[in-house]
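To start, the structure under review is shown below, and the notes come after it.
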Amino acid sequence: MAKAQASNKPAKGFEETLWDSANKLRGSVESAEYKHVVLSLIFLKFISDKFEQQKQRVIDHYGADYVDMVDFYAQDNVFYLPEEARWEYIQKNAKQDNLALTIDTAMRTVEKNNATLAGALPDNYFSRLDLSASKLASLIDTIDNIETIAKAQHQSEEDIVGRVYEYFLGKFAANEGQRGGEFYTPKSVVTLLVEMLEPYQGKIYDPCCGSGGMFVQSLKFIEAHKGSRLAVSIYGQEYANTTRKLAKMNLAIRGIAGNLGEAAADSFFRDQHPDLKADFILANPPFNQSQWRAPAELTDDPRWADFDVPPTGNANYAWILHMLSKLSHQGAAGFVMANGSMSSSTSGEGKIRQQLIEDDLVECMIALPGQLFFTTQIPVCLWFLTNSKQANAAKGYRDREDETLFIDARQLGSMISRKQKDLSDDDIATIARTFHAWRGQPEAGVYEDIAGFCKSASFDEIKGHDFVLTPGRYVGAAEVEDDGIPFETRMAELTTRLGEQFAESAKLEKQIKQNLAGLGYGI
C-alpha cells in the first residue's frame with residue numbers, strides 16, 4: 001500500500017482556516033460588501049456569547065428571575081440582548097427563507113437596546129444583499145466555529161475575537177486593493193507609529209480613523225507595558241459611514257470606549273471635536289487627496305490661520321495643519337504621508353513646510369521601504385510633529401530644540417508575499433529605539449548618527465537643503481564593509497562574469513531569431 005506523502009505546507013492557523021471557509025461562501029458578492037456581512041456577524045456572535053456567559057452568572061448569583069434586568073449586564077460592560085437578537089435565535093432560524101430578515105431584525109434590536117452601539121451595525125443590510133439563504137446559513141455555521149469564550153487563563157475573549165477581526169480586516173483590505181486603504185493601515189506601520197509615540201496616558205486622536213486600528217494598537221501597547229487603559233481617552237472621526245461602523249464594532253469587541261463623534265463626517269468641513277487638544281495624534285490620511293475643497297472654501301479657517309492656506313489640489317498639508325491645530329501644548333503627532341510631502345514646492349506647500357521647520361515643530365522624519373501597503377505602490381514616509389522639544393525630566397527627554405532626526409528605513413523590511421513587504425518586530429524596535437535614544441531616554445541607550453540610516457540635523461543643515469525633509473539627503477551613504485579583495489581582482493571577476501552574460505544573451509538572441517524565422521517572421 002502506498003504511503004501518504006507528508007505535506008511540507010505549514011498547518012493553517014485558526015484565523016486562516018476560518019477565513020478560507022467564510023470566503024468560499026462569498027460567491028458573486030463584492031469583497032467591499034461582504035466584509036460588512038462577515039464582520040457584523042462575528043460581532044453579533046461575540047456579544048451574544050458574552051451575554052450568555054453573563055446570563056449564567058446572574059442565574060448563579062441572583063436567580064432566574066433577574067436574567068432580564070439590564071443593569072446586571074451593564075454593570076460588567078456586557079450588552080443586554082433580547083431573545084430575537086441572540087445568536088442562538090438566529091441559529092434556530094438559519095434554515096428559514098427569511099434568514100436575512102431575521103439577522104437584520106437582530107442587528108436593529110441590538111442597537112435599540114444599547115445606546116453605545118447606536119449607528120454601529122449594518123442597517124437593513126442583509127435583506128438588501130443578493131446572498132442566497134443557503135449560503136448565509138452556511139456562513140452562520142462557519143462563524144459559529146469561533147470559540148469566543150476564552151479557555152486559557154492568559155487569554156481574554158477580546159484577544160480571541162480581536163485576532164479574528166483584525167485578520168479578517170487585513171484580508172478584506174488586501175482583496176479590495178486600493179479601496180481597502182480607506183479603512184485599513186498595515187499593522188506593522190501602525191505598530192511603528194505607536195512604538196515611536198508611546199501613548200501611555202492622555203487623549204488620543206485620529207481624524208481619519210478608518211476601522212480604528214490606531215486606537216486598538218495604542219491600547220495593546222498600554223497593556224503590554226502594564227499601563228492602564230483607563231489612563232487614555234479615545235477621539236476619532238471617519239468620513240465613510242460604513243467604515244465608521246467597522247471602527248465602532250472593532251472598539252466594542254475589545255471593550256474600548258471611544259468618542260467617534262455624532263456621525264460620519266468630513267474632518268475638514270464638519271469637525272466632530274472642535275475644541276479637542278490631544279496629547280497624541282496617530283493617523284493615516286488619504287494619500288494626495290485632490291479637490292478636497294473648492295477654491296473659495298475654508299480660506300479663512302482658524303486651523304491654518306498662521307500659515308498659508310493649503311492648496312485645493314492636494315490635501316496633504318491641510319491634514320498636517322488640521323492635526324497640528326489639535327495638538328496640546330506638550331502633544332506629539334505621528335502620521336503617514338506620501339513621499340511628495342517631504343519635498344513638494346508646488347502651490348505654496350514648500351512655504352508651509354518651511355514655516356513648520358522654522359517654528360521647530362518637526363521632530364522626526366522616516367522614509368519607509370516600498371510595498372508596505374497592499375493598496376498602493378506610492379512610496380510613503382512618516383512625519384512626527386511636536387509642540388515642545390524642550391527637556392522633559394518626567395519623560396526622560398533631553399532638550400532637542402532646533403534639531404530634527406532623520407531615519408532612512410528604506411533598506412529594512414522583508415517580502416511576505418510576491419507584492420507586499422512587512423517590517424519585522426526587530427525592524428520596528430530598531431527604528432523606535434533610535435528615536436528614543438535621540439530624544440535622550442536612558443533605557444534606549446546612547447544615540448549616534450549612522451551613515452546611511454540616521455542623522456540628527458540642525459536647523460541650518462535643513463535650511464541648507466532648502467527645507468526639503470527627505471531623509472536620504474541627510475543620512476548619506478552607508479559605509480561599505482571592506483571584504484579584503486583587491487580592486488583589480490574584483491574588477492577581473494566582474495568583467496569575466498559580464499562577458500559570460502553577454503555571450504549567453506547573444507546565444508539566446510540567435511535562438512529567438514531562428515524560432516521566429518521558422519514561424520515565417522524572420523528579422
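The values are calculated or read from the model by the stated rules, or taken from the named source; none is laboratory data. Note that the structure is predicted; figures quoted are calculated from it, not measured. Backbone-built Cβ (ideal geometry, glycine too); neighbour counts: all protein chains shown. Just the protein is used for accessible areas: all its heavy atoms, side chains included, with ligands, DNA and RNA removed. Shrake-Rupley method; radii C 1.70, N 1.55, O 1.52, S 1.80 Å.
Expressed as a whole percent, the accessible surface of region 220-360 that belongs to carbon and sulfur atoms is 49, based on a 1.4 Å probe. Each of Gly476, Ala338, Ser417 was placed along the dipole of the chain (beta-carbon charges, centred on the mean Cα), and the one lying farthest toward the positive end is Ser417.
Which semi-axis lengths, in whole Å and largest first, follow from the square roots of five times the eigenvalues of the Cα gyration tensor of the chain?
They are 44, 35, 24 Å, listed largest first.
Just to confirm the filter: which chymotrypsin sites (Phe, Trp or Tyr not before Pro) across region 441-523 are DSSP coil and have at most 12 other Cβ within 10 angstrom of their Cβ?
Passing sites in region 441-523 are Tyr521.
Only helices reaching 30 angstrom along their own axis (Cα) with mean Kyte-Doolittle hydropathy no lower than 1.6 count here, and not one DSSP H run of the chain does. Overall, region 321-414 carries a charge dipole of about 280 debye about its Cα centre when +1 sits on the Cβ of Lys and Arg and -1 on the Cβ of Asp and Glu, all other atoms neutral.
Note on region 243-271 and region 486-523: Cα centroid distance 60 Å, given to the nearest whole angstrom.
Relative to the Cα centre, the charge distribution of region 229-388, modelled as +1 at Lys and Arg Cβ and -1 at Asp and Glu Cβ, gives a dipole magnitude of about 720 debye.
A straight Cα-to-Cα reach below 14 Å connects Lys203 with the aspartates and glutamates Asp275, Asp279, residues fewer than 8 places away in its own chain not being considered. Loop-located trypsin sites (Lys or Arg not before Pro) in region 437-523 (DSSP state other than H, G, I, E, B) with a sparse environment of at most 13 neighbouring Cβ atoms within 10 Å are absent. For region 217-307, the list of GluC sites (Glu not before Pro) that fall in a loop by DSSP and count at most 16 other C-beta atoms within 10 angstrom reads Glu262, Glu297. Here the chain is assigned +1 on the Cβ of each Lys and Arg and -1 on the Cβ of each Asp and Glu. Its dipole about the Cα centre then comes out at about 1440 debye.
Roughly how many percent of the accessible protein surface of region 405-523 is carbon and sulfur, given a 1.4 Å probe and a whole-percent answer? Each step should come with its number before you reach the end.
Values: 4330 of 8080 Å².
Answer for region 405-523 is 54 percent, counting heavy atoms of protein chains only.
Look at the Cα gyration tensor of region 280-406: its axes a ≥ b ≥ c give a/c of at least 1.5 with a/b at or below b/c, and that counts as oblate. With contacts taken as Cα pairs under 8 Å at a separation of at least 6 residues, region 155-290 carries a relative contact order of 28 percent. Each Cα pair under 8 Å and six or more residues apart adds its sequence gap; the mean of these over the residue count of region 356-400 is a relative contact order of 33 percent. For region 197-342, place one equal point scatterer on every Cα, skip the solvent, and apply the Debye formula. What is log10 of I(q)/I(0) at q = 0.15 Å⁻¹? Per q value, in the given order, log10 I(q)/I(0) is -0.75.
Rolling a 1.4 angstrom probe over the protein heavy atoms with all chains in place gives the chain an accessible area of 50 Å² per residue. Expressed as a whole percent, the accessible surface of region 44-118 that belongs to carbon and sulfur atoms is 46, based on a 1.4 Å probe.
Please report the antiparallel percentage of the DSSP beta bridges confined to the chain, to the nearest 5.
That works out to approximately 55 percent antiparallel.
With contacts taken as Cα pairs under 8 Å at a separation of at least 6 residues, the chain carries a relative contact order of 10 percent. Ordering Ala318, Thr243, Val190 by Cα displacement along the dipole of the chain toward the positive end leaves Thr243 in first place; charges were set at the Cβ atoms of Lys, Arg (+1) and Asp, Glu (-1). What residue among Gln291, Ala231, Asn23 has its Cα farthest toward the positive end of the dipole of the chain, where the charges are +1 on Lys, Arg and -1 on Asp, Glu, each on the Cβ? The listed residue farthest towards the positive side: Asn23.
Applying a threshold of 32 Å to the alpha-carbon distances of Lys245/Lys395; Lys50/Lys419; Lys171/Lys389; Lys220/Lys455 flags Lys245/Lys395; Lys50/Lys419; Lys171/Lys389 as lying beyond it.
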